[in-house]
Amino acid sequence: MRFVFPFRSSVARGLCAVAALALLAPLSVVPLCAQTGQADQHAALSSGAKTEAVRPDAAKPAVIAADTSDQQPGVATRALDKVKQVAKSASDIFHRVPCHQPTGVPNTTGSLPHVAAKLAAGKPVIIIAFGSSSTQGYGSSAPEFTYPNRLAGQLRRQYPSADITVLNRGKGGEDAPEMMRRLQTEVIDVHPDMVIWQVGTNAVLRNLDPTETAKQVEDGVARIQADGADVVLVDPQYSPRVTERPESARGMVKLLGRIAALRHVGIFPRFEVMRDWHEKQAIPIDDFVIADGLHMNDWGYACFAQLLGDDIIRSVGAIKIGVNVPADVRTYRPM
């Protein structure tokens, strides 16, 4: 007796298509969702991370499974669509969640005269991203999608003939005390043209003394300035693990703002920018923060990098048209 299973042949064909697409997809393509795998790809981060870096169960790789024993027509098609979605490169990430400039958030990055003048003149430029795990890139799906690499890509596209180097000096779990111990060798001795210093999140999570943090950050900024580099401070991220400590978070944002004003350096208001994403642009937290409630995902890092890169590009444009703002003058303009 011959039994006929009318839908199993179509499912088999669909699964073959899924397998074929998976084989054709580049090996470097990885899931882009906030909830997808971070732990295996960032095992190197875990060894040094104490607070802002490691949660092995924060996100696990997405697995696309097909059960051929009891499927209805259309399941294979949905599985194929899922594979196509996962296989999209992070390079088109803004097509899914556009990165809009926040409204009403003051841009206090400043004029960046040193790095802008060198880019305008076509001279080699070295930028150092200094910080903890959100600089190192915990939460991104691959190294090329960290914010320093995103920033480097944007600047190289804007200035294709320029020799631009962006060095990632982020180390998970650290804050001002640990960063100050490596400031000389990993930052100042390189003689960068610009330093983007992300600091303060772990100080909030670890309940570090804000007065001592302020002294260390101010001293570090002064030492970087003495070497001739532009400085931009980056305050904590707006994410559940940080906002559950509202007083400490607000205090750190104000503290870094005061240091930036005192030392006449820029500050990227990451906390307010991310809050704008959620409260004004109605983007769900899960769309830019991974499952650990702390670190940004690919989209979060990409938008952060783009907004920061836009500031640098505007500064270069001002230099090119003859608007050369002195290094000790910080500009304020809406983003």
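The values are calculated or read from the model by the stated rules, or taken from the named source; none is laboratory data. Nothing here was measured: the structure is a model prediction, and the numbers come from that model. So basically every Cβ, Gly included, is an ideal-geometry build from the backbone, and we count neighbours across all protein chains shown.
So the values come out like this:
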{"item": "Which numbered condition Arg169 misses (of (1) among the charged types (D, E, K, R); (2) surrounded by 14 or more Cβ atoms within 10 Å (Cβ to Cβ); (3) not in a strand (DSSP E or B))", "result": "(3)"}
{"item": "Condition broken by Asn207, with the remaining ones in (1) closer than 25 Å to Met180 by Cα; (2) outside any loop (DSSP other than H, G, I, E, B) satisfied", "result": "(2)"}
{"item": "Top-ranked residue in the range 179-238 [being within 17 Å of the chain's Cα centre (by Cα) and among the hydrophobic types (A, V, I, L, M, F, W, C); ranked as farthest from Gly266 (Cα to Cα)]", "result": "Val199"}
{"item": "Check on Arg270, assigned by TED's automatic domain parsing to the domain that holds Met180, within 21 Å of Pro192 (Cβ to Cβ) and of a type in the set (Lys, Arg)", "result": "yes"}
{"item": "Test result for Val253, buried (at least 22 other Cβ atoms within 10 Å of the Cβ) and either in contact with a helix residue (DSSP H, G or I) (Cβ under 9 Å, 6 or more places away or on another chain) or assigned by TED's automatic domain parsing to the domain that holds Leu112 (or both)", "result": "no"}
{"item": "Search result, residues across the range 191-210 that are crowded, with 17+ Cβ neighbours inside 10 Å and more than 18 Å from Gln237 (Cβ to Cβ)", "result": "Pro192, Asp193, Met194, Val195"}
{"item": "Residue list for the range 256-288, filter: without any contact (Cβ under 8 Å) to a residue 60 or more places away in the chain and of a type in the set (Val, Ile, Thr)", "result": "Ile259, Ile285"}
{"item": "Contacts under 6 angstrom Cβ, first residue in the range 125-141 being closer than 24 Å to Tyr159 by Cα, partner part of a loop (DSSP other than H, G, I, E, B) and modelled with pLDDT of 95 or more, 6 or more apart", "result": "Val125/Asp193; Ile126/Pro192; Ile126/Asp193; Ile128/Val187; Ile128/Pro192; Phe130/Val187"}
{"item": "Per-region count, the range 103-121, residues crowded, with 17+ Cβ neighbours inside 10 Å and modelled with pLDDT under 90", "result": "6"}
{"item": "Filter pass, Gln237 being in the same structural domain as Gly131 (by TED's automatic domain parsing), touching a residue at least 60 places away in the same chain (Cβ under 8 Å) and surrounded by 15 or more Cβ atoms within 10 Å (Cβ to Cβ)", "result": "yes"}
{"item": "Test for Pro102: is it within 27 Å of Val204 (Cα to Cα), in a loop (DSSP other than H, G, I, E, B) and of a type outside the set (Ser, Thr, Tyr)", "result": "yes"}
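Listed here are the residues, each with its yes/no results for (1) over 22 Å from Pro113 (Cβ atoms); (2) assigned by TED's automatic domain parsing to the domain that holds Phe271; (3) among the basic types (Lys, Arg).
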| position | (1), (2), (3) |
| --- | --- |
| Gln154 | no, yes, no |
| Asp163 | no, yes, no |
| Lys171 | yes, yes, yes |
| Glu178 | yes, yes, no |
| Glu186 | yes, yes, no |
| Arg206 | yes, yes, yes |
| Pro210 | yes, yes, no |
| Asp219 | yes, yes, no |
| Ala226 | no, yes, no |
